Each structure stands twice: as C-alpha cells, then as structure tokens.
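J.: Here you go, one structure.
The values are calculated or read from the model by the stated rules, or taken from the named source; none is laboratory data. The structure presented is a predicted model; accordingly, all values stated were derived computationally and were not measured. Methodologically, a virtual Cβ is constructed for each residue, glycine included, from the backbone with ideal geometry; neighbour enumeration extends over all protein chains shown.
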Amino acid sequence: MKRRLITAFVALGLISTAFVATPAQAAGPTAAQLLAKTNSCTVASKGKYATDDGGSSTVNICKSGSAFFWKADMDIDCDGVRTSNCNEDTDPWYQNQTSFETSAGKSFQADKTHYFVIPLPSSRFNYSSSGIKPGSVAAIIYNNKVVYAVFADEGPSNIIGEASYATAQALGINPDPENGGATSGVTYIVFPGSVPSPVESNSAIDSKGAAAATTFVNN
C-alpha cells in the first residue's frame, strides 16, 4: 500500500539504482494511440485524489468507453515477497504482503511482476462496483513507453499513483522505493475484466494487455 512522507528520511539501507536493460515494448497500440483516447475526461470518481500525503487533491478517475484512467505520478510499491531489492532495509514502508495473491496463492513479487495500485474503495470511487477485479490489466504510459501491469495492491483511499518496482524499471523510472518514482506524467488505463493467467506472469500480462488495449483503441 502507498505510504508517503512529507519530511525527508535518513536511508535505512542502500539499494542499487542501476538499471538493467529494459525489455522491448509489448505488441499493441502505441503510447500516442492510447493517450489520444484519454484527451477528454468523463469523470467517474466522486471527488479528486492527491498524489502525495498532505498534498492537494487534483486527480480525477475518468472513464473512456469501458476503461478507467487517471493521470498522476508514480510512487514505487515494493510490497510482497521479500527480496534483495524489496525488504525492510531498502523500503522503510515495506509490507510483506500485497492485497491480492498470485495463482499460487502467494503475495506478488514487486521486483518481478508488473503490477499497479488502486486506492481502497471509498465514497470517491469503488473499483469493485465499477467492475474492476483483482488482477485486471492496465496500460501504464510514461515518456512515450507502454508497460502492461495488473491490479495487485491497494493504496490509501485518498491517494493515487503507484506501481511496482518492476513496472517502474520497465518504464525507465528509478525503482528505488525510497527515493525513486516519477513526480508526474504517468497515465494509467485500466481494462476491467481483462485478467491474465497466470496473473503474475509478465508475458501473460503483456498478451492480455495488448489485446485489451487494441480493443480499447479501435472502439
């Protein structure tokens, strides 16, 4: 879940921010094609979200066709399976579980699976009543690159804009859970009901995501 600090923290440990080569973008629509479908916002949320704890609430969840989208920042979610990249030393807010589980009944691994976060249900927006299931796939766009990810974790009900270490890394964003992320320019487009199998497989996520995104762009 998303945890934000207003004041600076002293690092509890060291984490390498060196990037590995990012994989080729999955087949499917281009970033420009997807973004063209988000030029106008039919507001779906009953209130706006902040991107930081204590910040102004400026972000709506919008609807376009059958998809939901929002434009925000990206904080790094390192929750789930404990690894050398994601643990109590690298992430002061680390939790050893995600809201939802993999096909094996375990928490997701943040530095392996491309996943993203939706705020907990509230009077602003309830993902469940909007048809968004755990594991629903999304296209996440940053700097003209598209990465597909699944809904695997929930964040605070008033804050939006977060994805896993692996998602950030694939987008070329610094994945350091304490000091990384992107301050703006990230678009999240969620396709309700499109759940890959197995849900933790990035190749399955890419396949399901590209198909859902193609349908979205063509309708």
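J.: Can you tell me how many residues within region 170-197 are under 21 Å from G135 (Cβ atoms) and outside any strand (DSSP E or B)? So that I can check it myself, show each step before the final result.
T.: Within region 170-197, the subset under 21 Å from G135 (Cβ atoms) is 170-171, 186-197.
Now restrict to residues that are outside any strand (DSSP E or B): 170-171, 192-197.
Matching residues across region 170-197 total 8.
J.: Pairs under 6 Å by beta carbon, first residue closer than 15 Å to T38 by Cβ in region 199-219, partner part of a helix (DSSP H, G or I) and at pLDDT 95 or above, six or more apart or different chains?
T.: V217/Q33
J.: Another question, then. Mind listing whichever residues of region 161-210 are within 19 Å of A50 (Cα to Cα), surrounded by fewer than 22 Cβ atoms within 10 Å (Cβ to Cβ) and not polar (S, T, N, Q)?
T.: If the condition is that a residue be within 19 Å of A50 (Cα to Cα), surrounded by fewer than 22 Cβ atoms within 10 Å (Cβ to Cβ) and not polar (S, T, N, Q), then E178, G180, G181, A182, G185 are the ones that fit.
J.: Looking at (1) under 18 Å from N174 (Cβ atoms); (2) surrounded by 23 or more Cβ atoms within 10 Å (Cβ to Cβ), which one does D89 not meet, given that it meets all the others?
T.: Result: D89 passes all but (2).
J.: If I filter region 121-145 down to residues being crowded, with 18+ Cβ neighbours inside 10 Å and either over 12 Å from the mean Cα position of the chain (by Cα) or at pLDDT below 95 (or both), which single residue comes out as farthest from K71 (Cα to Cα)? Walk me through it before giving the result.
T.: Residues of region 121-145 crowded, with 18+ Cβ neighbours inside 10 Å: 124-125, 127, 132, 134-142.
When the remaining residues are screened for being either over 12 Å from the mean Cα position of the chain (by Cα) or at pLDDT below 95 (or both), the result is 124-125, 127, 132, 134.
Details: R124: 16, F125: 15, Y127: 16, I132: 18, P134: 21 Å.
Among those residues, the one meeting the criterion is P134.
J.: What's the number of the condition A213 fails, among (1) buried (at least 24 other Cβ atoms within 10 Å of the Cβ); (2) under 13 Å from the mean Cα position of the chain (by Cα)?
T.: Among (1) buried (at least 24 other Cβ atoms within 10 Å of the Cβ); (2) under 13 Å from the mean Cα position of the chain (by Cα), A213 violates only (2).
J.: Looking at region 1-30, which of the residues that are surrounded by 17 or more Cβ atoms within 10 Å (Cβ to Cβ), aliphatic (A, V, I, L, M) and modelled with pLDDT of 50 or more is farthest from M74 (Cα to Cα)?
T.: Going through the qualifying residues, I end up with A26.
J.: Is it fair to say E200 is part of a loop (DSSP other than H, G, I, E, B) and closer than 26 Å to N85 by Cβ? Explain how you work it out, then say what you get.
T.: Details: part of a loop (DSSP other than H, G, I, E, B): yes; closer than 26 Å to N85 by Cβ: yes.
Taking the combined requirement at face value, the residue satisfies it.
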